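Below: one structure, written as structure tokens.
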Amino acid sequence: LMAAEENQPVIPYQEIIKFDRLFSNRQVWSCRDEKGVIGEPVFIPKENGNSEDDGWVIVQMYQCENHHTQFVLLDAQNLSEGPIA
């Protein structure tokens, strides 16, 4: 889920949130420190994965200050740990 965190300045989407309804917990990755905004995240399942979140999330991030765009790869099980590539 891409989102903008509550109580933060209103800027286009800057966070990806993984929410577990069963245990009511969440993980958040944010690109606010990079002054970036993100496009729609895409989940890439790991072949023969062991759980529904076994895979990666890839998202395009635009850095507003230097006008660069990059793709960010996140571990879907450990989203809050930040990019792995």
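Observations on the model:
- Residue-level check: of (1) modelled with pLDDT of 90 or more; (2) surrounded by fewer than 14 Cβ atoms within 10 Å (Cβ to Cβ), Trp56 misses just (2).
- Matching residues in region 61-75 - criterion: being in a strand (DSSP E or B) and touching a strand residue (DSSP E or B) at 6+ places or on another chain (Cβ under 7 Å): Met61, Tyr62, Gln63, Thr69, Gln70, Phe71, Val72, Leu73, Leu74, Asp75
- Region 21-35, subset within 15 Å of Pro83 (Cα to Cα) and part of a loop (DSSP other than H, G, I, E, B), residue most open to solvent (accessible area, probe 1.4 Å): Asp33
The values are calculated or read from the model by the stated rules, or taken from the named source; none is laboratory data. Please read all numbers here as calculations on a predicted model, not as lab measurements. All Cβ positions, even for glycine, are placed from backbone atoms using ideal geometry, and neighbour counts span all protein chains on display. SASA here: full protein model, heavy atoms, side chains in, ligands and nucleic acids out. Shrake-Rupley method; radii C 1.70, N 1.55, O 1.52, S 1.80 Å.
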